[in-house]
Amino acid sequence: MSDSKNTDSMAKNNSSKWLTPLNLLVLFAVIFVAGIVALGSYLFLDRSIIQTVQEQDEQLFPRLSDARQAIDGIAIERGDDRLELVRLEDGQWGLANWDSYPVDEDKVAGLIDSLASLRGVPASTEKITAADVPDLRNRETATKVTVQDSDGSVLADMLIGETVATPGGAEINRTYVQPGDDDRAWLSAREIAVPIDLAAWTPSVILDIGPERIASARLRDADGNRLNIERQENMEHPFKPTDLPEGARISEAWQLTRMAGALEKLQIVEARKANDITLPPDAEKLEAVFETLDGLRVKLAMVRKDEMNWAEITAEADAASEAKPEADAINARTAGWHFRLPDFATKGLVSNTDAVIDDTRHPQPRPQGTSPAPASEPQAPRQ
């Protein structure tokens with residue numbers, strides 16, 4: 001019994017010696033250093049993989065590097081959608097789908113630079129492997145991009161697929177890109193996307209004049225009815241009608257504010273060169289004229305045709321007005337063009353002023369099947 005107790009006592013003493021603060025500190029230091037070494041090894045391995053991958057990258061479309069100025073057209077297709085960017089005679093770019101309506105030059109230049117400098121590796125190598133390496137010709141979601149010169153010769157064509165994470169995680173996201181003459185996709189050196197929607201290449205907002213700038217507005221609907229409003233000192237209802245017929249009133253005051261805000265972030269759905277098809281000269285047009293507090297006047301002449309709203313937009317300001325540069329800038333964007341506007345953007349411009357004005361001069365017809373309101377009982381004569 002005595003030997004057993006001595007053994008237990010020695011074990012406890014040894015354990016106590018190891019659990020001293022100094023020994024615990026040493027133990028934590030060893031664990032910390034081991035963790036740093038492991039992390040460094042991981043990062044070094046990860047970096048070596050990235051470096052090796054980058055060393056394998058090849059230029060996918062080297063012909064574009066020397067032919068950027070020769071590029072005259074870019075077609076982008078996905079499924080049944082197709083848009084075509086074309087270089088115009090003045091060197092600017094336009095959207096062929098919209099009668100060569102001007103597009104964002106920086107976006108086109110960025111696309112050309114991206115394609116010309118695009119590098120990548122075959123999608124299956126010793127360092128990069130991808131299960132089920134795709135043939136993008138069988139993918140309906142792939143985007144087809146064709147780059148041509150002025151003679152119609154193809155300078156580059158490709159299919160662009162989805163983006164995937166390759167070794168190195170999000171640091172080197174790559175996109176499947178399949179050159180037109182290859183039967184398997186490559187992995188690009190960096191993520192790339194080419195939008196197919198038309199609005200992505202053109203400024204969708206043609207005007208942005210908020211109701212807080214509006215001093216007055218005049219509306220003449222397609223039936224010749226008129227409604228004029230002007231700003232008033234009323235926080236709840238900042239606009240009031242003017243020149244209403246006797247006995248008429250505004251049914252809902254908030255509709256005047258909606259009318260005044262029709263030019264705020266006014267978007268376009270489509271643009272076409274001004275012609276007699278979009279705005280026939282003999283059509284009954286809705287006309288709206290807005291004047292801002294600083295003297296800018298904007299006029300919309302609009303026709304609803306085939307369930308679509310087409311408008312001609314013009315602006316003017318006095319030569320000495322501080323709004324003259326803004327008027328000139330608006331006309332530079334809109335002159336010679338007709339714009340299709342979305343319904344939600346034109347709700348403030350009513351197609352018939354009867355929707356806003358109640359005429360109280362004539363009794364409203366009683367709905368069929370209803371009984372007339374009971375007449376009030378005559379009061380008894382005073383005694």
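Which entries in LYS240/LYS324; LYS107/LYS285; LYS144/LYS305; LYS144/LYS285; LYS240/LYS273; LYS285/LYS324 show an alpha-carbon gap greater than 31 Å? In this structure, LYS107/LYS285; LYS144/LYS305; LYS144/LYS285; LYS240/LYS273 exceed 31 Å between Cα atoms. For the pair ILE31 and SER114, a Förster radius of 45 Å applied to the C-beta separation gives a FRET efficiency near 0.45, rounded to the nearest 0.05. Inter-label distance, HIS237 to ALA253: 0.4 nm, where each label sits 7 Å from its Cα along the C-beta direction. Counted by Cβ distance under 11 Å from ILE313, the other residues give a net charge of +1, where Lys and Arg count +1 and Asp and Glu count -1. With the simple model of a label 7 Å out from the Cα in the direction of the Cβ, GLU84 to ASP181 spans 2.5 nm.
Charge tally around PRO211: other residues with Cβ under 10 Å, Lys/Arg +1 each, Asp/Glu -1 each, net +1. Charge tally for ASP157 (other residues, Cβ to Cβ under 10 Å; Lys, Arg +1; Asp, Glu -1): 0. Based on the convex hull around the alpha carbon atoms, the stretch 147-243 presents an average projected area of 14.7 nm². Of the whole protein surface, ILE31 contributes about 100 Å² of accessible area at a 1.4 Å probe radius. Translational diffusion of the stretch 225-304 was estimated from the Stokes-Einstein equation, with Rh taken as the Kirkwood radius over Cα pairs; at 37 °C and 0.692 mPa s the coefficient is 218 µm²/s. In a fully extended conformation the segment linking ASN228 and ASP306 would gain 25.3 nm over its present Cα-Cα distance, using 0.36 nm per residue. Temperature 37 °C, viscosity 0.692 mPa s: under these conditions the Stokes-Einstein estimate for the stretch 201-350, based on its Kirkwood radius over C-alpha pairs, is 206 µm² per second.
Here the gap between ALA200 and LEU244, fully extended at 0.36 nm per residue and compared with their Cα-Cα distance, gives a gain of 11.5 nm.
Extension gain for the segment GLU212 to ASP66, taken as residue separation times 0.36 nm less the Cα-Cα distance, is 47.4 nm to one decimal.
The values are calculated or read from the model by the stated rules, or taken from the named source; none is laboratory data. As the structure is a computational prediction, the values presented were derived from the model and not from experiment. Cβ atoms come from the backbone with ideal geometry, glycine included; neighbour counts cover every protein chain shown. The protein model used for the area step is the full one, side chains on, heavy atoms only, and it has no ligands, DNA or RNA in it. Shrake-Rupley method; radii C 1.70, N 1.55, O 1.52, S 1.80 Å.
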